[in-house]
Amino acid sequence: MKKIEGILSNEGYCVINLDYPSRKETIENLSDNHLKKALVEKCTDRHKKINFVTHSMGGIVVRYFLATNKLHNLGRMVMLAPPNNASKLADVLCKFETVGSFFGLALNQFIHDEKSLINKIPEPDYEVGIIAAKYDDKVSLKNTKLKNMKDFLVVKSTHTFIMNSEKTITAVKNFLEEGKF
């Protein structure tokens, strides 16, 4: 996310590129202990809109946060390759105890199961644009989508490098400014 961070900073956005221990904590803990803390510390101007640009699991951390906390100055959200409707890869990896433990506590929260956290987070009631990677071996195009997303785009990229695509970066800037890709 460093490339997007630099470009958005140059565009005048105050950017927080949040690193968090994704393999050590649940989505709930990542939301409460890392995202919430960063917002309280760094987003002190209540009149400035707070936008989110997320990659993969980061989008679910933000969705959970926004479902359990109200931001009165919420702007827009762009999700890059998010597992909004679970992940087949998580289904497979969770079957193997050693692999599942390597990927951490949050992995079980992305499986295709009605009790899984991913299936309990409500649909967003804010503007969301989703960019999916055409060559994604972790999250299928179908599983990135939300019913009430405002816009959707597929870019020729992989899951891991979607944030470095020029098409992705242009689309992110467009959505933050205009609400469409």
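Details
- Kirkwood hydrodynamic radius of the chain, from inverse mean 1/r over distinct Cα pairs, in Å: 16.6 Å
- Length-normalised contact order of the chain in % [C-alpha pairs under 8 Å, at least 6 apart]: 21 percent
- Largest GNM mean-square fluctuation across His112, His159, His72, computed for the chain with C-alpha springs under 10 Å, falls on His72.
- Highest-MSF residue in the chain out of Leu74, Leu66, Leu39 [GNM, Cα springs under 10 Å]: Leu39
- Alpha-carbon centroid distance for the pair segment 10-66 / segment 130-181, whole angstrom: 19 Å
Rule-based calculations on the coordinates, nothing more; no lab input. Keep in mind the model is a prediction, meaning the values are calculated, not measured.
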